[in-house]
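Take a look at the structure set out below.
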Amino acid sequence: MPIKRLFIANRGEIAVRINRSATELGMETVQAYSEADQDMLAVKMATHAVCVGPPAAKTSYLAADRLVSIAKEAGCDAVHPGYGFLAENAAFAEAVEAAGMAFVGPRPETIRTMGDKATARATAIAAGVPVVPGSDGVLTDIEDAVASARTIGYPVMIKATAGGGGRGIRIAETEEELRQLAPQAQAEALAAFGDGGFYLERVITKARHIEVQVLGDGQRVVHCFERECSLQRRRQKVWEEAPAACLDTETRAALCASAVALAESVGYRGAGTLEYLYDNDSGAFYFIEMNTRIQVEHPVTEMVTGLDLIGEMLKIAGGAPLSPRQEDIHLDGHAIEVRINAEDPANDFMPFPGVVGSLTLPEGDGIRFDGMLYDGYAIPPFYDSLLGKLIVKADTREQAIERLQTALSDLKIEGVKTTIPLHQALSTAPAVRAGAVHTQFLEPWLATHGLAQA
């Protein structure tokens, strides 16, 4: 049955984005909000809105049982989790379905399989998808880790099996560092995700981070091509683009085919992203993990394919079969997305909540801004600092960068410090303009350009 009333269990710009697609599909929306978010844009847009708790996320946006109960009482027949918070929580997805509502995302068992990085790695191997050389299964004992690292070869990356966002990850150059850092990664992952399991992967020097967007209905999967997300600070993505300029046609086809094979092997439903490391020297690619949710950077894919990924998620969750065929999905031009955060890039990216005094958004062909702001909006200090995403599209990458520079100049957010200066600097950096970047590029570059401490 098509969704009639949708509960949006998230906040900020992704809640605004979900509201728009749901409204275009004729759905009523019920927007969740914390006491700190009663004035947010998504609340103003939604058909209905309901307070779900105090400002702290653990008592509002992470209060799974309360969210399910409120959604059911509000007469909703589906729940969209957005990204972050409970989006990749299998128990939450189960609770939503047990309450008789559709979860707009994959099945709970898929979230468990692909959300645990070690299990996802094993699943990829079984599907014939290449993975980074690493340990065999989950590690909990340091001596087993040391033995595994001797086989893999240093440097190695210590990665928590649960969670994401760069937490529970360390790089060890030697056995001594491994013995020191593995317990730190375990403790961080245990505190953040309740799971201290980890595994090891060989570090690929100067790798590029490539990810493939997929859509599935549980039976059939299509890919929507790839994005490159190599510009990262503390393993958090800063600048994303589609397609990846470093790939040739043959490699792109093989990479996307591997993503479809892996997603189909788990009967994937909804929108998901398979992340890879690409070795620029050898041309080899390796699967590293899957995000079983919509991602922050999904708009660049929408810009170059013409798809509404949120809309497709909603239709699939309502029982409709996957509508696009693979042969109908084509690349058109080049798109770039930059994240606009309430942070001061000249002061080690210190968060900078405050009141938006005046807002001017860029307009024009090939320019899109996905945000949560309006004049006079008070940015709460309790959550992620992401204010919105500026996305541009042009026929070529070079033209897209030029358009980005113009759009950044036209974007004015008064009253708070933002990362706009960072992106203005990056858009003129010779290495960025040449596409000569990798996952270890940005932090040293920041240190030498006076924008942050490395």
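The values are calculated or read from the model by the stated rules, or taken from the named source; none is laboratory data. Values in this document were obtained by computation on a predicted structure and should not be read as measured data. Cβ atoms come from the backbone with ideal geometry, glycine included; neighbour counts cover every protein chain shown.
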Margin query: Anything in the stretch 17-44 that is out of contact with any strand residue (DSSP E or B) (no Cβ under 7 Å at 6 or more places or on another chain) and either closer than 24 Å to A320 by Cβ or hydroxyl-bearing (S, T, Y) (or both)? List them, or say none.
Written below: R20, S21, E24, L25, G26
Margin query: Would you confirm, using the coordinates I've provided, whether R339 is modelled with pLDDT of 95 or more, under 20 Å from L231 (Cα atoms), buried (at least 16 other Cβ atoms within 10 Å of the Cβ) and not aromatic (F, W, Y)?
Written below: yes
Note to self: Let me confirm something: among A257, A253, A263, which residue is within 24 Å of E97 (Cβ to Cβ) and either modelled with pLDDT under 95 or not hydroxyl-bearing (S, T, Y) (or both)?
What the structure shows: A263
Item checked: Tally of residues being closer than 17 Å to K117 by Cα and surrounded by 15 or more Cβ atoms within 10 Å (Cβ to Cβ) across the stretch 172-209 -> 18
Checklist line | Those residues of the stretch 408-427 which are outside any loop (DSSP other than H, G, I, E, B) and within 23 Å of the chain's Cα centre (by Cα), in sequence order | finding: L408, I420, P421, L422, H423, Q424, L426
Item checked: Filter pass, L67 being modelled with pLDDT of 95 or more, part of a loop (DSSP other than H, G, I, E, B) and farther than 27 Å from A261 by Cβ -> no
Note to self: Here is a list: A145, A98, A122, A172. Which entry is in contact with a helix residue (DSSP H, G or I) (Cβ under 6 Å, 6 or more places away or on another chain) and more than 18 Å from T439 (Cβ to Cβ)?
What the structure shows: A145
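I want to confirm something. Restricting to the stretch 33-58 and keeping residues that are of a type outside the set (A, V, I, L, M) and assigned to a helix (DSSP H, G or I), which single residue is surrounded by the fewest Cβ atoms within 10 Å (Cβ to Cβ)?
So, considering only residues that are of a type outside the set (A, V, I, L, M) and assigned to a helix (DSSP H, G or I), the one surrounded by the fewest Cβ atoms within 10 Å (Cβ to Cβ) is K58.
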Next item on the list: Would you be able to tell me the number of residues in the stretch 438-451 that are modelled with pLDDT under 80 and either on the phi > 0 side of the Ramachandran plot or outside any loop (DSSP other than H, G, I, E, B) (or both)?
Entry: 1
Notebook entry, point to check: Residues of the stretch 65-106 being surrounded by 15 or more Cβ atoms within 10 Å (Cβ to Cβ) and of a type in the set (S, T, N, Q), which ones?
Noted result: N89
Check: Using beta carbons and a limit of 8 Å, which pairs, at least six apart or on different chains, have the first residue in the stretch 29-48 and touching a residue at least 12 places away in the same chain (Cβ under 8 Å) and the second one hydroxyl-bearing (S, T, Y) and assigned to a strand (DSSP E or B)?
Finding: M40/Y33; A42/Y33; V43/Y33; M45/T29; A46/T29; T47/T29; H48/T29
Note to self: Among (1) outside any helix (DSSP H, G or I); (2) surrounded by fewer than 19 Cβ atoms within 10 Å (Cβ to Cβ); (3) free of Cβ contacts under 8 Å to residues at least 24 places away in the same chain, there is one condition G128 misses while meeting the rest; what is its number?
What the structure shows: (3)
Notebook entry, point to check: Can you tell me how many residues in the stretch 428-437 are in a helix (DSSP H, G or I) and under 20 Å from F349 (Cβ atoms)?
Noted result: 1
Margin query: Given (1) at pLDDT 95 or above; (2) closer than 22 Å to T119 by Cβ, identify the lone condition not met by R235.
Written below: (1)
Notebook entry, point to check: If you go through the stretch 21-44 one residue at a time, how many are farther than 15 Å from R5 by Cβ and touching a Lys or Arg at 6+ places or on another chain (Cβ under 8 Å)?
Noted result: 5
Check: Just one of A261, A284, A253 is farther than 26 Å from K389 by Cβ, without any contact (Cβ under 8 Å) to a residue 12 or more places away in the chain and surrounded by fewer than 17 Cβ atoms within 10 Å (Cβ to Cβ); which is it?
Finding: A253
Note to self: Can you tell me which residue is surrounded by the fewest Cβ atoms within 10 Å (Cβ to Cβ) among those in the stretch 367-426 that are among the basic types (K, R) and within 24 Å of V304 (Cβ to Cβ)?
What the structure shows: R397
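Please go through the stretch 324-340 and give me each residue that is in a loop (DSSP other than H, G, I, E, B), closer than 30 Å to R403 by Cβ and out of contact with any Asp or Glu (no Cβ under 7 Å at 6 or more places or on another chain), ordered by number.
Passing the criteria: P324, I329, H330, L331, D332.
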Item checked: Any chance K393 is touching a Pro at 6+ places or on another chain (Cβ under 8 Å) and modelled with pLDDT of 95 or more -> no
Margin query: Against the condition touching a Gly at 6+ places or on another chain (Cβ under 6 Å), at pLDDT 95 or above and of a type outside the set (S, T, Y), how does G371 come out, does it pass?
Written below: yes
